[in-house]
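Beneath this line is the structure, given in structure tokens, with notes to follow.
We did not get these values from a lab; they are worked out from the coordinates using the rules stated. Because the structure is predicted, anything quoted here is derived from the model rather than measured. FYI the Cβ positions are ideal-geometry reconstructions off the backbone, even for glycines, and counts take in every protein chain you see.
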Amino acid sequence: MQETKISTIKMGSVLNQHRLVIALKFSVITIAVVALYFQDLSMVFKGALTVESTFHIFAIPFLFAYLLYRKRKMINASLQPPQTDTRGFQNYFSTQESELRFRGQLSWTMAGISLCAVAIFTYWYGSYSFIPLEYHLLTLPFLTAGLILILFNLQTLKQLIVPIAFLIFLVPPPDQILYSVGSTLANLSASASNALANVFGLHAVLSNNLGSLVITLTRPDLTTLPFSVDVACSGIYSLIGFLIFALFIAYITRGKLRNKFAILLMGIPLIVALNIIRITTILAIGYNFGEDLALQFFHTIGATVLMFIGTLLLLVITDKVFKKPTPPQPCPTCNPPPAEPFCPNCGKLFKYSKIKFSRVDIAKILGIAIIVVLLLSIQAPVLALTQGPAPVMIQTPSGIEVNTSNSMLPNMAGYTLSYAYRDTAFEQLSGDDAALVYTYSSMDASKQNVSVAVQIAASVTSEHQWETCLIYWPLGQGDQAKVNALDLRDIQIHDNPPMTARYFAFQYKDTNQTQVVLYWYQTATFNINGTAPTESVMISLVMYPSSPQGVADAEAQELPIVNAINSYWEPIQTWSAVALRISQNGLVLSAGASVILVLFILYALYLDTVGKLALLNRYRKLPSQDQLIINAVTNAKNMHTPTTHAIALEFQKLSQTPTSETWMAQKLGEAENIGLIKKILVNNADTPALAWNSQVPEKTSRFNRLLTVANKILASLDETQNMDG
């Protein structure tokens, strides 16, 4: 009785330590990722509150959490290799084989470190670019994957690869996709809705007004009512969010792979059809009840509502069209569970391996903590942080009022600065808090005037790029861009903190008018009602040369104004010399880390090949009966049933002799002890199960060729190293 109590206490202690280790490791990963990407995540979620194109980002944490919850058993089972009977291990495994296994595990750990290095160096390179937010968030899944490889193993990463992949949707959709795909969808939706409106007798006419499709209704009282079909009406916003949910539904749906692809293919026309119905409904409401009610309906049934309606319809269609897979019959040996850690008949895992603290784990956790602290100590803002001019904005119930008496721009010698106007129409379209236009009127007749647009928004995701609006939004022009690009490049306009502007010179196709734009993003603190919030600012300098030949002169005239504005806005935080050097050389460092990553992966594969070839030689020395057992394991795997029961049946077919499961379990254990087979973790409807897997290569010629090539490469590397020495 006393011994049983002591055993129970020990088991409870091991279980508590197991849970503590798992919680600590996942906490380290979470804290490291959130700490390094806190600025980026804050910016993107803040922008999602006001920008409809990124509203779907709010769903990503919930989808990610659900996927983790769904995979929790598989993750728990993958944290440590399955429990095996290691008696006699030392008698069969040579020191060389043990070293190969150790090197293989170390290689994957080093691959994880290299993957983290690639993510970090790419992150810093992005900080030096024109679009830092996109670069930063793009590296988040790779850093997460690298940390999992470091603290856990390759098997755990395989189980988490899909949830990690969903983190890529945190990246705001590129403007090129929004405008190019949105242009096509807008053409389709406008044409189809206009045709449907006429079918229902609404007297609609489709036209093009300066690149925007307009459906003009003639109401019964002969008044006209125009409806512009722009990017917000195209359905692209709802399509992006819907595709994420469609991918999620396809992944969690039980069934064949072709059914999952069918779900995705059904989803795209479904959301397009819903958007056409939505626009047609708005036209019908406007025709019968007026513009106010139609616009109210438009804002009510927006992209978010459309996305959820489409998702619900897709769920209903999936349930009706595709037959649910037949649930497997209950295994007779699983209830009650047998004494073994897994069922020999179906492979279901009952007992998970318990992991314990080790010195290596402590060293890894401390190493990650130190590196994160060092990175945070030199981390700079995503965008250059500046001190905005004196109080210029006042928050009112109707919006933000701008005090234009306090100029947001500096006076320039040879120019007269004046406030032109506030573009309220653009504010409503873009969601900006303020869009102000100023003019630098030149006192020199040989120089042109320079217009300066200052856009203030809660997030940089609200502010679209000039070139995407003009090149990728070619409505009504045969899918041709509105302009001919004369020059498009990035220019470094400030050294520390580094600020990159985009220079875009173009000529309109319809009017031949030439325009030059130099614009950049930054963040600034403003005094709004006694508070000092940080807002995103986009500043654009615009000039109109008389011809394309005047583009170079326009650039030379704009750059001094850019320098004066940067000095006037007073950067608050400069970068350290280390941060600057890493960012400037981030692309080279990332490429070097990528090469090292590939080398470690190839080395791990090489070690695996060497180990399997050694097992092949051992297999050839076995008695014929033991070889038949290994062959039975291979046959059962090819039949997708590599359990003890199935292997016993396969062996009975091969040997033509009666076989008991007890005897087969004993022989499999012996083969496992000498490394010829091993238990692998398999996913049975997100329930962990164990299956036997042969470690003997089936195609010996292929492995021999691979081993020969690998040995030649290593020999040449050793020879080169000796020559260098």
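Simple spin-label estimate for Ser228 and Ala425 gives 0.6 nm between the two label positions (7 Å along the Cα-to-Cβ direction from each Cα).
Taking amide hydrogens as placed 1.01 Å from N in the peptide plane, the amide H of Asn585 sits under 5 Å from that of no residue at least 5 positions away in sequence or on another chain.
Other residues within the sphere of radius under 15 Å centred on the Cβ of Arg489, judged by their own Cβ, net out at -4 (K and R +1, D and E -1). Take the Cα of Met443, step 7 Å toward its Cβ, do the same at Ser655, and the gap between the two points is 10.4 nm. Centre-to-centre, using Cα atoms only, segment 596-671 and segment 407-478 are separated by 70 Å. Converting phi to 3J(HN,Hα) with the Karplus coefficients 6.51, -1.76 and 1.60 and the offset θ = phi - 60°, segment 123-140 yields 4, 5, 5, x, 5, 9, 9, 7, 10, x, 4, 5, 4, 4, 5, 5, 7, 4 Hz in sequence order, with x at every glycine or proline. Legend: distances between Cα atoms for Lys73/Lys354; Lys364/Lys612; Lys158/Lys260; Lys71/Lys678; Lys25/Lys679; pairs beyond 18 Å are Lys364/Lys612; Lys158/Lys260; Lys71/Lys678; Lys25/Lys679. Computed from the C-alpha gyration tensor, the three semi-axes of the ellipsoid equivalent to segment 517-643 are 67, 21, 18 Å, from longest to shortest.
Compared with the alpha-carbon gap, the fully stretched path from Phe58 to Asn411 is longer by 122.8 nm at 0.36 nm per residue. One decimal place: the segment Leu602-Ser207 gains 136.3 nm when fully extended, by the rule 0.36 nm per residue minus the C-alpha distance. Round to the nearest 0.05 the FRET efficiency obtained for Thr525 and Arg359 when R0 = 41 Å and r is the Cβ-Cβ distance. After rounding, the FRET efficiency stands at 0.30. Distance between the modelled labels on Arg620 and Gln387, one decimal in nanometres: 7.9 nm (7 Å Cα→Cβ projection). Around Leu170, what is the net charge, scoring Lys/Arg as +1 and Asp/Glu as -1 over all other residues with Cβ under 14 Å from its Cβ? Counting the neighbours of Leu170, the net charge comes to -1.
Computed 3J(HN,Hα) for segment 535-544, one whole-Hz value per residue from the Karplus formula 6.51 cos²θ - 1.76 cosθ + 1.60 where θ = phi - 60°, is 10, 8, 10, 10, 10, 10, 9, 10, 9, 10, glycine and proline marked x.
How much FRET efficiency would the formula 1/(1 + (r/R0)^6) give for Ala577 and Leu257, where r is the Cβ-Cβ distance and R0 is 45 Å, rounded to 0.05? According to the calculation, E is roughly 0.30. At full extension, Val34 and Ile371 could sit 119.9 nm farther apart than now, given 0.36 nm per residue minus the alpha carbon distance.
The relative contact order of segment 482-551, computed from alpha carbon pairs under 8 Å that lie at least 6 residues apart in sequence, is 26 percent.
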